[in-house]
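Inspection log for the structure reproduced underneath, given as structure tokens.
The values are calculated or read from the model by the stated rules, or taken from the named source; none is laboratory data. Please read all numbers here as calculations on a predicted model, not as lab measurements. Neighbour counts run over all protein chains shown; Cβ positions are idealised from the backbone, glycine included. Surface accessibility is based on the protein's heavy atoms, side chains included, excluding ligands, DNA and RNA. Shrake-Rupley method; radii C 1.70, N 1.55, O 1.52, S 1.80 Å.
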Amino acid sequence: MIQTKNLVKTYGSGELALTVLKSLNLAIGDGEFVAIVGPSGAGKSTLLYQISLLDEPTSGEIYFDNTPTASLNQAEKTSLRLHKMGFVFQDYALLPELTALENVALPIIMQGATKAAAFAKAASALERIGMGDKERNLPSQLSGGQQQRVSIARAIAHDPQVLFADEPTANLDSQNGQLVMEAFLDLHRSGQTIVMVTHEEEYARHARRIIALKDGDIVGDTVQS
């Protein structure tokens, strides 16, 4: 599903240059649940932003579903992100004036679906992650864990090939964090490919594969039974 070859990301130039990713070679298969871990500054989020095409590499190659992404223009990359990828971030990024159902439906409408079709998919996604009874609630009427589960529903409502999550439990207490991880596990069991960045070991253990980064290098790659 995702492959990198000699992936390098450097910020700045000259004496101020900082290489955050150092010639990484990585492959993530269809249906995997991968946690990317490591200390602060290891390059975790930078790697996620590279493989999800939210940022440009300095050098090296990124393949998505066997397509070399360097050959795509910005409009094609945007379309790929919109139609083939789902994103969950630590700050939820819900629009406060929209209900849970409307927040989930909005990206589907942006893809060109009718309002009726988008709302049907949104309702199905909310039901799938246990939030079907909250579809008329505004974000302010939901707990942090509930808001994050709404953001997960938004990310999966269009059936993406890959779900990317960047520190999805960082703003949650342990109980709500566990609920979010259970939602990820349910999605994984149904075949969803998930790539998650986390600094919390207890949540990383839920993944089936753990990739450890340190100073921009892969220092561990473990498949869990």
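Tell me, what is the FRET efficiency for I109 and Q224 to the nearest 0.05, using R0 = 41 angstrom and their Cβ-Cβ distance as r?
On the way: r = 38 Å, r/R0 = 0.94.
So, using R0 = 41 Å, E works out to roughly 0.60.
If I fit a long axis through the Cα atoms of helix 144-156 and take the longest principal axis of the Cα atoms of the chain, what angle between them do I get, 0 to 90°, rounded to 10?
80 degrees
Could you work out the per residue convex hull volume over the alpha carbons of the chain, in cubic angstrom?
Spread over its residues, the Cα hull of the chain gives 128 Å³ apiece.
Note the angle between two axes, namely the Cα long axis of helix 174-189 and the longest principal axis of the Cα atoms of the chain, as a number of degrees from 0 to 90, rounded to the nearest 10.
So the helix axis and the longest Cα principal axis differ by about 80 degrees.
Mind checking Rg over Rh on the stretch 1-107, alpha carbons, Kirkwood formula for Rh?
Answer for the stretch 1-107: 1.01.
Quantify how much of the Cα-Cα distance distribution of the stretch 116-214 extends past 15 Å, in percent.
On the way: 2940 of 4851 pairs.
In whole percent, the long-distance tail amounts to 61.
Measure nothing fancy, just the Cα-based angle from helix 100-110's long axis to the longest principal axis of the chain, in degrees from 0 to 90, nearest 10.
60 degrees
Testing the spin-label approximation: label points 7 Å from Cα along Cα→Cβ at S140 and K214. State their distance in nm.
Spacing of the two 7 Å Cα→Cβ label points: 4.7 nm.
Which pairs in the list K22/K214; K77/K121; K5/K44; K9/K214 are over 21 Å apart, alpha-carbon to alpha-carbon?
Checking Cα-Cα distances, K77/K121 exceed 21 Å.
Using the crude model of +1 on Lys and Arg Cβ and -1 on Asp and Glu Cβ, and no other charge, please compute the dipole size for the stretch 113-157 relative to its Cα centre, in debye to 20.
The calculated dipole for the stretch 113-157 is roughly 100 debye.
Computed over the Cα atoms of the stretch 171-225, what is the ratio Rg over Rh, Rh following Kirkwood?
0.99
Return the Rg/Rh ratio of the stretch 70-117 with Cα-based radii and a Kirkwood Rh.
My calculation of the ratio gives 1.04.
At 1.567 mPa s and 4 °C, plugging the Kirkwood radius over alpha-carbon pairs of the stretch 49-181 into Stokes-Einstein gives what diffusion coefficient in µm²/s?
83 µm²/s
Considering only protein heavy atoms, what per residue accessible area in square angstrom results for the chain with a 1.4 angstrom probe?
Accessible area per residue: 47 Å².
Could you tell me the convex hull volume per residue, in Å³, taken over the Cα atoms of the stretch 151-194?
For the stretch 151-194, the hull spanned by Cα atoms encloses 62 Å³ per residue.
Where does the chain land at 222 nm, in deg cm²/dmol rounded to the nearest 500, when only DSSP H runs of n ≥ 4 count, each adding -39500 (n - 2.57), divided by all residues?
-10500 deg cm²/dmol
5 Å is the cut-off here: which amide hydrogens, built 1.01 Å from N in the peptide plane, fall below it relative to L213, excluding neighbours closer than 5 in sequence?
For L213, whose amide H was placed from the backbone, the distant partners under 5 Å are V37, G38, V219.
State, to one decimal in nm, how far the label point of T19 lies from the label point of Y63, with both points 7 Å from Cα in the Cβ direction.
That separation, rounded to one decimal, is 2.4 nm.
For E202 and K5, what does the FRET efficiency come to when R0 = 25 Å and r is the distance between their Cβ atoms, rounded to the nearest 0.05?
According to the calculation, E is roughly 0.15.
For the stretch 92-150, what is the Kirkwood hydrodynamic radius in Å, using each pair of distinct C-alpha atoms?
With all distinct Cα pairs of the stretch 92-150 included, I get 11.2 Å.
Please report the carbon-and-sulfur percent of the accessible area for the chain; probe 1.4 Å, protein heavy atoms only, DNA, RNA and ligands left out.
The computed percentage sits at 49.
Provide the gained length on full extension for the span Q175 to A75, in nm with one decimal, where the gain is 0.36 nm per separating residue minus the Cα-Cα distance.
Working: separation 100, 0.36 × 100 = 36.00 nm, distance 4.00 nm.
Between Q175 and A75, full extension yields 32.0 nm more.
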